[in-house]
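Here the structure is laid out as C-alpha cells; the discussion comes afterwards.
The values are calculated or read from the model by the stated rules, or taken from the named source; none is laboratory data. Quick caveat: nothing in here was measured; it's all calculated off a predicted structure. Note: ideal-geometry Cβ built from the backbone for every residue, glycine included; neighbour counts use all protein chains shown. The area values use the complete protein model at the heavy-atom level, side chains included, leaving out ligands, DNA and RNA. Shrake-Rupley method; radii C 1.70, N 1.55, O 1.52, S 1.80 Å.
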2 protein chains.
Amino acid sequence: MAKTRMDSGSMGPFLSRLKNSTRDQLLTLGSEHSFLKGDSVFSSDDPAESVFVLLRGRVKIYDLAEEGKELILWFFQSGDLFGIADMTDTQRGANARACDASLALSIPRERFRDFLEHHPEVSWVVIELLGRRLRTLGDVVQNLATTCVTGRVVKLLQRLDASSFRRPGGASDNSLPLTHQDIADMIGCCRQSVTETLGMLKRTGAIECERQCVRVIDADRLRAALQSPP
Amino acid sequence: MAKTRMDSGSMGPFLSRLKNSTRDQLLTLGSEHSFLKGDSVFSSDDPAESVFVLLRGRVKIYDLAEEGKELILWFFQSGDLFGIADMTDTQRGANARACDASLALSIPRERFRDFLEHHPEVSWVVIELLGRRLRTLGDVVQNLATTCVTGRVVKLLQRLDASSFRRPGGASDNSLPLTHQDIADMIGCCRQSVTETLGMLKRTGAIECERQCVRVIDADRLRAALQSPP
DNA sequence: TTGCGTCTGTCGTCTGGACGACAAAGGAAG
DNA sequence: CTTCCTTTGTCGTCCAGACGACAGACGCAA
C-alpha cells in the first residue's frame, strides 16, 4: 500500500486546529520535501527563509554545544509547524533533523505571512502555539535550574505521556520512542544518569522499558517518584 | 513635573513596531493599572484573561520552585507585551511583579484577539515577538545544560548589554540595574557564585560594579572570559 | 548466520558549585 | 543622625552527577 501523504490519526497540534478548507489551502503553499531518517532538514548556518509543516515522520530541533554535546529542544510530529521562531532573523537559531523518514512542506516566509493576512484566525492559532511552546520552555528552564536528574526525567516522561508524542503510524502500545541518550539530550544530563533513573523507575513499577522505548504504566507511581528524595 | 503616561525614549520591543495610528488605537483598549515597586501584577494562581502592555516601569516574570527558590524568566520594560503566552490556558503559567513603580494596560483576551483580526500586521509583530522569545529561552536552556556558571553570567551580561534593558527613565550611564541575586535567579545558580564571578570579571577589566548595578566596559574582555577555562 | 554498530547497565573517581555562616558596607526610613 | 534591612564579599564543607571505561545484549545489514 502506498504511503499516504500524511500520517493517519492525529493531525498534530497545528493542522488539527484549522478548518478543513483553510488547511487545504495552506497545503497548496510551498513545496514538499522528503527526508530519510537522519537527514538534516536545516542547520543553524542556514538562512531562515521559510516555515515548515511536517506532513509525516518525526523531526527534532537541537543545538550543539562547543564540545559537540547535543541538546534537544523539541521533537515535532506530523501536523506540527516548525521553523516559525526564526522569522525575525536572517539565520536559523538551531538545527533540525529527521528522526524517521519524513515529509515536510516548506512555505516561504512571505507566502506564509500573506496567508496569515488573509486568514487572521490562523494567526491566532500560531500565536497560541508559540505561547504554549514558550511556557513549555519556561518549565524546562525551571527544571534545569532547580530540579535533580530524577525529577527532570520524571517530568519529561509526564509531559510526553500527556502529549500526542508517539511513534508515527500510530503504534498501539502507547510507548515513547526515545533512547536513553535522547532523554539525556532533552534534559541536559549524561546518558548513564538516565539509565540509572529509568532502572529505578522500572523497579518501582512506574514504567516499562524496551530498547529505544519507554512506556508509562503507572502515572501515580511516576508522580510519587517526584516526592521521595533521591 | 508630572509623570508622563509612558517612559520617554525607547517604546520597547512591541509598541515601537506599530504604526502611530495603530498604536493609538491599541492604547484605547482595556484599562490602566498602576503598581508600586514590589506589587504583584499577576500570580500563577490567577486566571489568564488578559494581556498586558507595560507603559512605564519594569516587570519581572518568575517561577517559584518548591523550596521557594525564585527563577526569573524575563524582565519587561515599557513598550513590551506580556502575559500573551498564557492565552491558550485558563490559568497563568508564572508570576509577574513590578520591580519599579509601573503602569500597565490590561487588555481582555477577546478584545485583543478582535484587534488582531482587524490589524493582521500586528499579528505578525506578535508572532515575531514570541519567536524571538522562544529563541532566547532556547539559548537559556542550552546555557543551563552545557555552560558553567562563569559562562552563564557572561552570556547574560552580553545579552542584556546588547538589548534595550535599562533602568526606566533613561539613566545615561548605560548600566544594567541588577543585583547579584537577580543575576543568580536569571541563570539558575546561587548568589555567592555570581558575586565571585563578577569579582573576577571586575578584576579583568571587563565590567564595573556598583550596588544593584553592573556595567559592561570592555565587551572584548567580557567575550574573552568565555574562552578561558574556569 | 555473522559481524558490527548501537544501546543499555554498571562502576569508581573527580569536581563544580550549592550552601550555610559570617562580616562589612551601603542606603532607606524614621 | 541612627537604626535596620539589604546587598556584597569571603570561606569551608559536602555532594550530585559528569565522565571514562568496560561488558553484555540487541538488531540491522551483508
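Rounded to the nearest 10 degrees, the inclination of helix B:191-204 to the longest alpha-carbon principal axis of chain B is 70 degrees. Just so you know, the Cα atoms of the stretch A:147-227 work out to an Rg and Dmax of 11.6, 35 Å. Which residue, A:48, B:22, B:187, has the largest displacement toward the positive end of the dipole of the protein assembly as shown when charges sit on each Cβ (Lys, Arg +1; Asp, Glu -1)? Of the listed residues, the answer is B:187. A label point on residue B:226, set 7 Å along the Cα-to-Cβ line, lies at 3.4 nm from each of its counterparts in the other copies, closest listed first.
Each residue of the stretch A:141-147 is assigned a 3J(HN,Hα), and the resulting list reads 4, 4, 4, 4, 7, 10, 10 Hz, derived from the Karplus form 6.51 cos²θ - 1.76 cosθ + 1.60 (θ = phi - 60°), x at Gly and Pro.
Full extension from residue B:179 to residue B:64: what is 0.36 nm times the residue separation minus their Cα-Cα distance, to one decimal in nm? Intermediate results must be reported in sequence, preceding the final value.
Working: separation 115, 0.36 × 115 = 41.40 nm, distance 1.82 nm.
Net length gain for the segment: 39.6 nm.
When the solvent-accessible area of the stretch B:147-227 is split by element, carbon and sulfur atoms take up 45 percent of it, the probe being 1.4 Å. For the protein assembly as shown, the per residue solvent-accessible surface stands at 45 Å², with DNA, RNA and ligands left out and a 1.4 Å probe. Interface residues of the stretch B:134-150, defined as those losing at least 50 Å² of solvent-accessible heavy-atom surface relative to the isolated chain (probe radius 1.4 Å), are listed as B:134, B:135, B:137, B:141, B:142, B:144, B:145, B:146.
Taking all protein chains together and rolling a 1.4 Å probe, residue A:119 ends up with roughly 30 Å² accessible.
Buried area at the A:B interface is about 3900 square angstrom, summed over both chains, from accessible surfaces computed with a 1.4 angstrom probe.
Could you compute the FRET efficiency for residue B:101 and residue A:190, with r as their C-beta to C-beta distance and R0 at 51 Å, rounded to 0.05? Present the calculation step by step, with values, prior to reporting the outcome.
Details: r = 46 Å, r/R0 = 0.91.
Rounded to the nearest 0.05, the efficiency is 0.65.
Summing charges over neighbours of residue A:91, with a neighbour being any other residue whose Cβ is under 9 Å away from its Cβ, gives -3 when K and R count +1 and D and E count -1.
With contacts taken as Cα pairs under 8 Å and at least 6 residues apart, the stretch B:8-131 reaches a relative contact order of 37 percent. Just checking the listed ones, A:83, A:68, A:93: in the Gaussian network model of chain A with Cα springs under 10 Å, the one fluctuating most is A:68. What shape does the protein assembly as shown have by the C-alpha gyration tensor, where a ≥ b ≥ c are the square roots of the eigenvalues, rounded means a/c under 1.5, and otherwise prolate means a/b greater than b/c and oblate the rest? Oblate.
Ranking A:74, B:124 by solvent-accessible area of protein heavy atoms (1.4 Å probe, all protein chains present), from largest to smallest, gives A:74, B:124.
Which net charge results for the neighbourhood of residue B:108, defined as the other residues with beta-carbon distances under 15 angstrom from its beta-carbon, given Lys and Arg at +1 and Asp and Glu at -1? Each step should come with its number before you reach the end.
On the way: positive: B:92, B:109, B:111, B:113; negative: B:32, B:46, B:49, B:86, B:110, B:114, B:117.
Around residue B:108, the charge tally is -3.
Atom-type composition of the exposed protein surface of the stretch A:8-131 places 46 percent of the accessible area on carbon and sulfur (1.4 angstrom probe).
Give me the net charge of residue A:143's neighbourhood, meaning all other residues with Cβ under 13 Å from the Cβ of residue A:143; Lys, Arg count +1, Asp, Glu -1. After counting each charged neighbour, the total is +2.
Would you kindly state how much longer the chain becomes between residue A:118 and residue A:46 on full extension, computed as 0.36 nm times their sequence separation minus their alpha carbon distance, in nm to one decimal?
Working: separation 72, 0.36 × 72 = 25.92 nm, distance 2.84 nm.
Length difference between fully extended and current span is 23.1 nm.
Using only the Cα atoms of the stretch B:1-124, build the gyration tensor, take square roots of its eigenvalues as a ≥ b ≥ c, and label the shape rounded, prolate or oblate: rounded if a/c is under 1.5, else prolate if a/b is larger than b/c, else oblate. In terms of gyration-tensor shape, oblate. Candidate cross-link partners of residue A:60 among the lysines, defined by an alpha-carbon separation under 20 Å and a same-chain spacing of 8 or more, comprise A:37, A:69, A:155.
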